[in-house]
Amino acid sequence: MDWSAEIAAAAERIKGHVLRTPVVTVENGFGLDFPVQMKLEQMQHTGTFKARGAFNTLLSSDVPAAGLVAASGGNHGAAVAYAAHKLGHKARIYVPEMAGPAKVALIRDAGADLAVVPGAYSDALDQALAYEAETGAMQIHAYDALGTVGGQGTVALEWEEQGLDADTVIIAVGGGGLIGGSMAWFDGRRRVIAVEPETSCALNAALKAGEPVDVEVSGVAANALGAKRIGQICFDLAVSTGAESVLVTDEAISQAQQALWRERRQLVEPAGATALAALTSGAYVPEPGEKVAVLVCGANIAPDPFEQATQ
């Protein structure tokens, strides 16, 4: 697979449909004695990087008359709904009850046909697969598909265009679409640290087992990072590029989330703060002089802090 060509083509394909998100360098912040370069991808359409994969998939596919179907913890569904609306396709989105009202509202606001499913993400995926088989709708997988991974990889391409000079890039992991695309683009040129909650750690478990395995999912970031099994594409890339895996506690994630607001006025969901938590908790300690960068990836905090103000 020529990932470099695939991701470069994706970047051209989605140009004008997604935002070029900003990069900042924080000097001596968050209780750290070294600078951290941060890409604020939570400022993307619908509040996450996932619009990139959604637009790349739709713009490189022949969408059937039955439209689109996707299962999502919330963020992927919002991105698919948004992209479908912008490109004139109908979409059916399945989300688990744990998705949360903020993400459900995003999907509804984009005009998608929404179904809330009892259980976890895997239950929503089962329903989406059944709908695909019944109607012929096109399935857009949240993370384990070439179009999705190629689209998410444009984050890393764009970051390098913006002057990324880090030795090490730290990225949160759910099902593996974002970090998979980043590993594919960097191709071993930069050290990649995969960060997961202790209670939702599909990649970490897979690396220990030598293959993707099912894990139990819970915790503060479960509605975004709660994949039951890591995607095969991500797993293969993690093995081939030598990505390293670290785990963080829910408390560490919440503290990093609070620090982003307190010090930089960046309001992010727990998943969006998980990569930073690796540094602030000491789960990953850079070597002296090592340049580090953190990808901030999600803004859809629940409950919506301004919901009462608009009612």
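The values are calculated or read from the model by the stated rules, or taken from the named source; none is laboratory data. Small disclaimer: the values here were computed from a predicted structure and weren't measured. As a convention, Cβ positions derive from the backbone with ideal geometry for all residues, glycine included, and neighbour counts pool all protein chains shown. For the accessible areas, the whole protein counts, side chains as well, though only heavy atoms, and no ligand, DNA or RNA atoms are used. Shrake-Rupley method; radii C 1.70, N 1.55, O 1.52, S 1.80 Å.
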**Asked** Out of E134, E158, which single residue is free of Cβ contacts under 8 Å to residues at least 12 places away in the same chain and open to solvent by 10 Å² or more (accessible area, probe 1.4 Å)?
**Response** E134
**Complete:** Expected single match for β-branched (V, I, T), under 30 Å from G282 (Cβ atoms) and not in a loop (DSSP other than H, G, I, E, B) among T57, T21, T25, T46 is T25
**Request:** Working carefully through the options G150, G119, find the one that is out of contact with any Cys (no Cβ under 6 Å at 6 or more places or on another chain), small (G, A, S) and free of Cβ contacts under 8 Å to residues at least 60 places away in the same chain.
**Result:** G119
**Request:** Considering each residue of segment 84-109, count those that are small (G, A, S) and out of contact with any Gly (no Cβ under 9 Å at 6 or more places or on another chain), and give that number.
**Result:** 2
**Complete:** Per the list (1) hydrophobic (A, V, I, L, M, F, W, C); (2) crowded, with 19+ Cβ neighbours inside 10 Å; (3) more than 13 Å from the chain's Cα centre (by Cα), residue check on A145 breaks on (2)
**Asked** Could you give every pair whose Cβ atoms fall below 8 Å, whose first residue belongs to segment 274-303 and is touching a residue at least 24 places away in the same chain (Cβ under 8 Å) and under 30 Å from V104 (Cβ atoms), and whose second residue is basic (K, R) and not in a loop (DSSP other than H, G, I, E, B), counting only separations of at least 6 or pairs across chains?
**Response** V294/K39; L295/K39; V296/K39; N300/K103; A302/K103
**Request:** Can you confirm whether segment 169-192 contains a residue that is surrounded by fewer than 22 Cβ atoms within 10 Å (Cβ to Cβ), assigned to a strand (DSSP E or B) and of a type in the set (V, I, T)?
**Result:** no
**The listed residue being touching a residue at least 24 places away in the same chain (Cβ under 8 Å), open to solvent by 30 Å² or more (accessible area, probe 1.4 Å) and either within 22 Å of D126 (Cα to Cα) or in contact with a Cys (Cβ under 8 Å, 6 or more places away or on another chain) (or both), out of R264, R229** = R229
**Message:** Pull out all pairs, ordered by first then second residue, where Cβ-Cβ is under 6 Å, the residues are six or more apart or on different chains, the first lies in segment 74-93 and is without any contact (Cβ under 8 Å) to a residue 60 or more places away in the chain, and the second is assigned to a strand (DSSP E or B) and among the β-branched types (V, I, T).
**Reply:** G77/I93; G77/V95; A81/I93; R92/V69
**Request:** Working carefully through the options A293, A278, A252, A283, find the one that is in a strand (DSSP E or B) and over 16 Å from G176 (Cα atoms).
**Result:** A293
